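*Asks:* I'd like to ask some things about the structure below.
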Amino acid sequence: MKPRVEIIALGGTIACTPDAGAGGVAPGLTGADLVAAVPQLDALAQIHAGNLSNLPSTEIGLPLLFDLAAAIRAHENGGTTGIVVTQGTDTIEETAFVLNLLHRGSVPVVVTGAMRNPSLPGADGPANLLAAVACAADPGCRNLGVIVAFDDVIHQAAWVQKRDTSSTGAFWSPAPLGWMAEGRPILYARPPRSPGFDVPPDAPLPFVPILKPGLSDPPLLVQACLDEGATGLVLDLAGGGHVQSPWLDPLSAAAKRIPVVFSSRTRGGRVLSRTYGQAGGEIDLLNRGLKGSGDLDALKARLVLMLSLMTGGPDRFDDFTDLSWRAEDPEIPFPRRSR
Ligand code: ASP
């Protein structure tokens, strides 16, 4: 019997059609349209496609992701083999990351999209969709949490970042999980599953802004964030987590009231914790009660902080910042593909 794959379409470039009124392209194709354009899918799986939205991905908010996670749970309980989410690429690094924190099941959840819309030569949506369905149908992709299949590279949601405005290879992670070869996913790593969140349906969305100080930037927005009711603050700082000294007193005061997290605007490498002793260095910030974001960039740290606040306390934040494999983690057997 063929595997069953559910495609949940949200919109984005992969679903765009020319829109004369808007003077460009806009999401219009449905999940069923996307499937109809790729007849090769039929050989891989029995497919069912539906839409949860048809939006540019910057319109996707946490409430839609909570609905998506519930839909994924329902499909898993209904016996589906795997799930593909198609959406705009602009926010995949956030949406896939959140879904990974909400998806506790074992079926593969594979997020994909397109950089070139369907009206362009070399549109990449059909190939990305085919690769995503191949991953969703593959038993080797079970228990990986949420993955992103894009441009024949398979990324872990915990790490993936969009790093280019236009390239079909816009997605990057420091160590991809694997690659597509001859239409099948070939995996080279099997990361431990991260802990997850059970978000109560009525939890209000916390306001957690990100500030990114540039040279000579005064710290005025720190107080503005507090005045506007921020319940957490993320700083996207230079290098290993460093800020100019005029920010220090306002940040110390803020950290006495709300959780203040610092990450690195380099978007690569873990924030430092024990190297620089200067005022405004990471050691100083930690001594002032700020938290380092570990392996998480600012966008991902913000999302973990929001979900921690929504589920009872910022103390859980620290449980999510180390993405490495540690000796105490269980060895996860790497399933051999049947050939
Ligand atoms: N450029 C985006 C995309 O690739 C638009 C969006 O994220 O909705 O789909």
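*Asks:* Given the whole protein assembly as supplied and a 1.4 Å probe, what does the accessible area of residue 276 come to in Å², nearest 10?
*Replies:* That residue has around 100 Å² of solvent-accessible surface.
*Asks:* Another question about this same structure. How would you classify segment 136-202 from its alpha-carbon gyration tensor, with a ≥ b ≥ c the square roots of the eigenvalues: rounded for a/c under 1.5, else prolate if a/b is greater than b/c, otherwise oblate? Before the final figure, lay out each step's value.
*Replies:* On the way: a/c = 2.05, a/b = 1.27, b/c = 1.61.
Oblate is the answer for segment 136-202, as a/c is 1.5 or above yet b/c matches or exceeds a/b.
*Asks:* What nm distance separates the two modelled labels at residue 220 and residue 32, each placed 7 Å from Cα along Cα→Cβ?
*Replies:* According to this spin-label approximation, the distance is 5.4 nm.
*Asks:* Compute the orientation-averaged projected area for the chain from the convex hull of its Cα atoms and round it to one decimal in nm². Present the calculation step by step, with values, prior to reporting the outcome.
*Replies:* Values: hull surface 75.0 nm².
So the Cα hull casts an average projection of 18.7 nm².
*Asks:* A follow-up question, please. Pulled fully out, how much extra length does the chain show between residue 193 and residue 71, if you take 0.36 nm times their separation in residues and subtract their Cα-Cα distance? Walk me through the numbers on the way to the answer.
*Replies:* Numbers: separation 122, 0.36 × 122 = 43.92 nm, distance 2.05 nm.
Between residue 193 and residue 71, full extension yields an extra 41.9 nm.
*Asks:* Below 23 Å, Cα to Cα, which lysines can residue 212 reach? Residues fewer than 8 away in the same chain don't count.
*Replies:* 162, 256, 291, 300
*Asks:* Oh, and also: Quick one: helix 125-136 against the long Cα principal axis of the chain, what's the angle to the nearest 10°, folded into 0 to 90?
*Replies:* Tilt of helix 125-136: around 90 degrees.
*Asks:* Quick check on the chain: of the DSSP beta bridges with both residues there, what percent are antiparallel, nearest 5%? Write down the numbers at each step before the final one.
*Replies:* On the way: 17 of 45 bridges.
Percentage antiparallel, nearest 5: 40.
*Asks:* Give me the percent relative contact order of segment 176-248, please, defined on Cα pairs under 8 angstrom at least 6 residues apart. Could the numbers behind the result be given before it?
*Replies:* Details: 53 pairs, mean separation 19.3, N = 73.
The value is 26 percent.
*Asks:* So if we plug the beta-carbon distance of residue 275 and residue 22 into 1/(1 + (r/R0)^6) with R0 = 45 Å, what FRET efficiency do we get, rounded to 0.05?
*Replies:* On the way: r = 49 Å, r/R0 = 1.10.
Working from the Cβ atoms, E equals 0.35.
*Asks:* Continuing with this model, one more query. Using helices alone, what [θ] at 222 nm do you get for the chain, with -39,500 (n - 2.57) per DSSP H run of 4 or more residues, divided over all residues and rounded to the nearest 500?
*Replies:* On the way: 9 runs with 86 residues, N = 339.
That calculation yields -7500 deg cm²/dmol at 222 nm.
*Asks:* Protein chains only, probe 1.4 Å: how do 324, 264 rank by accessible area, largest first?
*Replies:* Numbers: 324 45, 264 10 Å².
Heavy-atom accessible area, descending, gives 324, 264.
*Asks:* Please provide three numbers in whole Å: the alpha-carbon extents of segment 93-191 along the principal axes, with the largest listed first.
*Replies:* 37, 27, 21
*Asks:* What angle do you read, to the nearest 10 degrees and between 0 and 90, between the alpha-carbon axis of helix 62-77 and the longest principal axis of the chain?
*Replies:* The angle comes out at about 40 degrees.
*Asks:* Can you give me the solvent accessible area of residue 179 with a 1.4 Å probe, rounded to the nearest 10 Å²?
*Replies:* 110
*Asks:* Show me 52-58, 107-113 ranked by packing, highest mean number of other Cβ atoms within 10 Å first. The partial results should precede the final answer.
*Replies:* Numbers: 52-58: 17.4, 107-113: 29.3.
Highest mean packing first, the order is 107-113, 52-58.
The values are calculated or read from the model by the stated rules, or taken from the named source; none is laboratory data. Keep in mind the model is a prediction, meaning the values are calculated, not measured. Heads up, the Cβs are rebuilt from the backbone with ideal geometry, glycines too, and the neighbour counts pull from every protein chain shown. Note: areas computed on protein heavy atoms with side chains; ligands, DNA, RNA excluded. Shrake-Rupley method; radii C 1.70, N 1.55, O 1.52, S 1.80 Å.
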